[in-house]
Amino acid sequence: MTTFVASLHLPYTVGFNLRRNGRGERPNLRFAARESFDVTTPVPNLLATLNQTVLVTPPKTPPAPAIRDDSTFFLEPHSNETIAEEEDGHETDATDASVTSRSNSTASPPTSMSNRNTRRTSRRRSSAESGFLKNASWFIEPYDQGNGGLKNAVSAALDAKVIENRTWVGTLGIPTDQLSEQARAEIDVKLRDDYDSLVVYCKDADFEGHYAHYCKEMLWPVFHNQIPDHPRSKAYEDHSWCYYVALNQAFADTIVRDYKKGDQIWIHDYHLLLVPKMIRDKIPDAKISFFLHVAFPSSEVFRCLAVRRQLLEGMLGACLVGFQTPEYTRHFLQTCSRLLYVEATPNGIQLEDRFIHVTSDPIGIDPVSLGLRRKEPAVEEWIKIITERYRGKKLIVARDKLDHVRGVRQKLLAYEQFLDKHPEWDGKVVLIQVALSTTENYDLQNQVSDIVTRINSSHANLAHSPVVFLHQDISFSQYIALLTIADALVVTSLREGMNLTSHEFVYFQDKKHSPLILSEFTGSAAFFKNAHIPVNPWNNRQCAEAFVRALEMSPEEKKKRWEILYNAITHHTATNWVSGFMTKWDEAYEEEQRRGLSTIPRLSSKKLGECYSSSNKRLIILDYEGTLASWGAPTNVIMTSPQRTIDILNDLLSDKKNIVYVMSGRTPEELERLFRRVPGLGLIAETGCFIRPFEKTKWIRAARPEAECEKWKSQVHDILQYYRERTPGTYIEARHCSFLFHYRNAEDMVTASRQAAECANDVNDRFENQSIRAVPVDGAVAVESIECSKATAAMKVMDILRDRAEQAGDSQTQPDFLLVIGDDRDDEVIFRWANEQRDKIPHVTTVSVGMRNTEACATLAQGVAGVHLALQKLASLK
């Protein structure tokens, strides 16, 4: 069995042995949106840049501002050490830190983007013409960008034998249009055989339209709760969706070609939202899971996307969908409920033919690999250099992408306020802000530049600059050194999935125990349970006071907080994350297979009859509408049961060994009227809220007392009335312990469906803590108590039977034959309960009527007629 791990980028890429002007330098071959491969332009030397007092962004149009700092101490002691290693890639956006020539994102997409046949004209100016790669030799090298957190987690899981066979699936991170077919085939074979990797080849235009345009301009802001109402976003929305689909299809096709029965497919992050469904469409029984490493927005924001339904349906192609925090899980469930109008339970999404499990599992770090990296000589050398450079000063460290989501501007404003309000710290503290390059946003860069200049001009002197701003990444040895000697780490993200930089900071602080200042809008904030210093990045005053609190915290409090944080990161490591997710994945897939139509057998009347004949005490529980009789509402169905149903029930009850119950969502009064000609029949009304025991006439109320129900019923009725008035053709059916909001006969079904979804979510939001739920049923929304169900009613029935047997001195206190037949989502809970009775009851049979995803152990495809026939055969047996 192979586990395909699909992420936008492979952990490996291809380098080429090319020479330029006899110097032996290799050109930059990473993606450059709407730029050519200009092999005459030297690759920016970041080490040389760090030597400058002024860091200048490579010239663009419009040009980026110069940002001053005193970063001259960042000189690489060993020139052969690589830089820009993306080790905290928990939420790294593929090519952000690697791109050295990106698109001018302030401009609209080129006109050619709307025409897939001509879109390549704006892509490359000289590469295809020169063909300089066709005869160049190539080699495989590690790719230091992309989702580093995922790479580390999978590597750690392989070492721990959590995963046996793993195959990476992703792109190379370089343009590939000009590669010959032979070169592509050779690269593919080399990566497959030596690196267990499958290359996804796509057109360069597809990649850039997918990533730089749709992912960065549309999905990235939306997934971080930013409504895409910028004119640039609107322009990209219409033009780049086709590229997003094309790249996702390339991933799906690559996996499908290599798939073997028994393999499992693990798809990662927002770049590949459509892949799960694309694969399932071709391999219906594939074992697919999806994990989103970034945040998931509220439904109000997600619904702004024009292709919202396609994205959700794409994710629901998996059998397990994972998120970083329970908050993001809840957002996803609510979004599916509102936009797709499906039943969302705390455990997942119920579709007509499948149940998709949804879980939250925070990713962790790999302490083993970090422990090895910190022992490298370069780390110790950098610790000495930085310690000497800032002797006598407190260091506050930060490392973020320079985009609107990471809150760099808010952090600098808070730091400025801290220095203004607390002059006693002037000259004693330095903020080192590492800002990774992203898709250019010149407005933000200008704002950050102004703030940095203002702070340094107001609080600097000849020997001190309060802000060191690095608009680039640093080597991993420098990164470890900074986290090791920092007096505080500050993270002010406005929204983030899981900030692994904060986890690594805690790991490297085993000696100093410095505090962590962490935004409450990161997934890590919930994970750390307030052992950090929580801040609202929008509250500059609170953040400024957090700086003071961190710098003045006592050693005892620092150590106490650090121990809690350290315990959290060491118990939720990357290996544990993979192991835990794999366990849930196995369980979800097993349940999917068990409930799948292809694995559930048809009811065997012969086998059922044999069990029936050999038993002495039988309990038969039958659903009414859709099982014993056709569906219908009380307002349009004559309130009498079909004569055939009455006759079958009477025939079953004529055998003294049989105890028969009929369950329904109808009220007790309606059921009494329907079955007045079946004496001795047990009844379960309002989906378990009321029970009339077998051979009794008095009802037992299983729900809350009427006075308590009236409290929430009056409030729920007001909500339902609000939606009824705004949706012509709908009506409210009030029952003793529940409501039904019917919209089957609405004048506008599209509007009515949307209003019904809003109504259900409105009720669920308002009554989340009151054990009340609203769920979609066929043509209606049912509002009912969570405390009562057909399963709880069945348990009550078993208690009643046990008490009767004990009072009569019967040694057989429970039945030895149990038959449950139903057809709706309400019946799934009683199917589950019945199946769990197999260790107590010798013969248990659960039957679902119709072809649907179910937990029943058998199905009947003939509908009501098939149920009648099966029951008649049982009644004829002696």
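The values are calculated or read from the model by the stated rules, or taken from the named source; none is laboratory data. Note that this is a predicted model, so its numbers are computed, not measured. Ideal geometry is used to build each Cβ from the backbone, glycine not excepted, and the neighbour counts take in all protein chains shown.
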Exercise. Report the residue count in region 720-730 for those that are farther than 16 Å from Ser785 by Cβ and either charged (D, E, K, R) or touching a residue at least 40 places away in the same chain (Cβ under 8 Å) (or both).
Key: 3
Self-check item: Residues satisfying the stated conditions in region 374-408, i.e. over 19 Å from Ser514 (Cβ atoms), crowded, with 16+ Cβ neighbours inside 10 Å and not β-branched (Val, Ile, Thr)
Solution: Ala378, Lys401, Leu402, Asp403, His404, Arg406, Gly407
Exercise. Enumerate the strands (runs of 3 or more DSSP E) found wholly within region 763-878, keeping only those where 2 or more residues are in contact with a Phe, Trp or Tyr (Cβ under 9 Å, 6 or more places away or on another chain).
Key: 772-777, 780-785, 817-822, 843-849
Practice problem: Grab the strands (runs of 3 or more DSSP E) fully contained in region 356-474, keeping just those with 1 or more residues being out of contact with any Pro (no Cβ under 9 Å at 6 or more places or on another chain), within 30 Å of Glu217 (Cβ to Cβ) and basic (Lys, Arg). | Solution: 394-401
Self-check item: Count of region 132-191 residues which are surrounded by fewer than 17 Cβ atoms within 10 Å (Cβ to Cβ) and of a type in the set (Ser, Thr, Tyr)
Solution: 2
Practice problem: Could you grab the pairs with beta carbons closer than 7 Å, sequence gap of 6+ or different chains, first residue in region 801-822 and free of Cβ contacts under 8 Å to residues at least 40 places away in the same chain, second one charged (D, E, K, R) and loosely packed, with under 15 Cβ neighbours inside 10 Å? | Solution: Thr813/Arg802; Thr813/Glu806
Quiz item: So which of Arg766, Arg744, Arg802 ends up being under 21 Å from Lys713 (Cα atoms), among the basic types (Lys, Arg) and surrounded by fewer than 20 Cβ atoms within 10 Å (Cβ to Cβ)?
Solution: Arg766
Quiz prompt | Those residues of region 718-728 which are surrounded by fewer than 17 Cβ atoms within 10 Å (Cβ to Cβ) and either among the β-branched types (Val, Ile, Thr) or in contact with a strand residue (DSSP E or B) (Cβ under 9 Å, 6 or more places away or on another chain) (or both), in sequence order | solution = Gln721
Quiz item: Leu818 versus (1) within 36 Å of the chain's Cα centre (by Cα); (2) at pLDDT 95 or above; (3) not aromatic (Phe, Trp, Tyr): which is the lone unmet condition?
Solution: (1)
Exercise. Would you check if Ser714 is without any contact (Cβ under 8 Å) to a residue 12 or more places away in the chain and outside any helix (DSSP H, G or I)?
Key: no
Self-check item: Index of the failed condition, Thr329 passing every other in (1) out of contact with any helix residue (DSSP H, G or I) (no Cβ under 9 Å at 6 or more places or on another chain); (2) of a type in the set (S, T, N, Q); (3) assigned by TED's automatic domain parsing to the domain that holds Asp510
Solution: (3)
Exercise. Within region 484-531, count every residue that is in contact (Cβ under 8 Å) with a residue 12 or more places away in the chain and assigned to a helix (DSSP H, G or I).
Key: 16
Quiz item: Of everything in region 326-356 that's surrounded by 19 or more Cβ atoms within 10 Å (Cβ to Cβ) and of a type in the set (Phe, Trp, Tyr), which residue is modelled with the lowest pLDDT?
Solution: Phe355
Quiz item: When residues of region 675-692 are filtered for being surrounded by fewer than 23 Cβ atoms within 10 Å (Cβ to Cβ) and either charged (D, E, K, R) or assigned to a helix (DSSP H, G or I) (or both), how many remain?
Solution: 3
Exercise. Determine, yes or no, whether Gln249 is in contact with a strand residue (DSSP E or B) (Cβ under 9 Å, 6 or more places away or on another chain) and surrounded by fewer than 24 Cβ atoms within 10 Å (Cβ to Cβ).
Key: no
Quiz item: Take the residues of region 777-787 that are modelled with pLDDT of 85 or more and not small (Gly, Ala, Ser): which is farthest from His717 (Cα to Cα)?
Solution: Glu787
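Here is a yes/no grid of residues against (1) hydroxyl-bearing (Ser, Thr, Tyr); (2) at pLDDT below 95:
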position: Val678; (1), (2): no, yes
position: Ile691; (1), (2): no, no
position: Ala702; (1), (2): no, yes
position: Glu706; (1), (2): no, yes
position: Thr730; (1), (2): yes, yes
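Here is a yes/no grid of residues against (1) touching a residue at least 40 places away in the same chain (Cβ under 8 Å); (2) under 20 Å from Cys215 (Cα atoms):
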site: Gln264; (1), (2): yes, no
site: Asp281; (1), (2): no, no
site: Ile288; (1), (2): no, no
site: Leu292; (1), (2): yes, yes
site: Leu316; (1), (2): yes, yes
site: Cys319; (1), (2): yes, no
site: Ser337; (1), (2): yes, no
Practice problem: Determine whether Leu312 is out of contact with any Pro (no Cβ under 9 Å at 6 or more places or on another chain), closer than 22 Å to Val781 by Cα and in a helix (DSSP H, G or I). | Solution: yes
Quiz prompt | Residues (surrounded by fewer than 19 Cβ atoms within 10 Å (Cβ to Cβ) and more than 17 Å from Tyr661 (Cβ to Cβ)) located in region 693-708 | solution = Arg704, Pro705, Glu706, Ala707, Glu708
Quiz item: Among helices (runs of 4 or more DSSP H) lying entirely in region 142-218, which contain 2 or more residues that are under 22 Å from Asp586 (Cα atoms)?
Solution: 148-159
Quiz prompt | Check on Phe767, closer than 20 Å to Thr667 by Cβ and aromatic (Phe, Trp, Tyr) | solution = no
Self-check item: Filter pass, Ala808 being under 30 Å from Lys617 (Cα atoms) and loosely packed, with under 13 Cβ neighbours inside 10 Å
Solution: yes
Practice problem: From the list His210, His230, His239, pick out the single residue that is at pLDDT below 95, more than 25 Å from Ile163 (Cβ to Cβ) and surrounded by fewer than 20 Cβ atoms within 10 Å (Cβ to Cβ). | Solution: His230
Quiz prompt | region 826-867, subset more than 28 Å from Arg802 (Cα to Cα) and within 35 Å of the chain's Cα centre (by Cα), residue surrounded by the fewest Cβ atoms within 10 Å (Cβ to Cβ) | solution = Met851
Practice problem: May I ask you to list the residues in region 294-309 that are outside any loop (DSSP other than H, G, I, E, B), touching a residue at least 40 places away in the same chain (Cβ under 8 Å) and of a type outside the set (A, V, I, L, M)? | Solution: Ser299, Phe302
Practice problem: Return yes or no: is Ala794 closer than 22 Å to Leu622 by Cβ and either more than 30 Å from the chain's Cα centre (by Cα) or surrounded by fewer than 21 Cβ atoms within 10 Å (Cβ to Cβ) (or both)? | Solution: yes
Exercise. Please find, within region 442-457, the residue that is surrounded by the most Cβ atoms within 10 Å (Cβ to Cβ) out of those that are farther than 21 Å from Val405 by Cα and touching a residue at least 40 places away in the same chain (Cβ under 8 Å).
Key: Ile455
Quiz prompt | Residues being of a type in the set (Ser, Thr, Tyr) and crowded, with 20+ Cβ neighbours inside 10 Å - total across region 271-323 | solution = 2
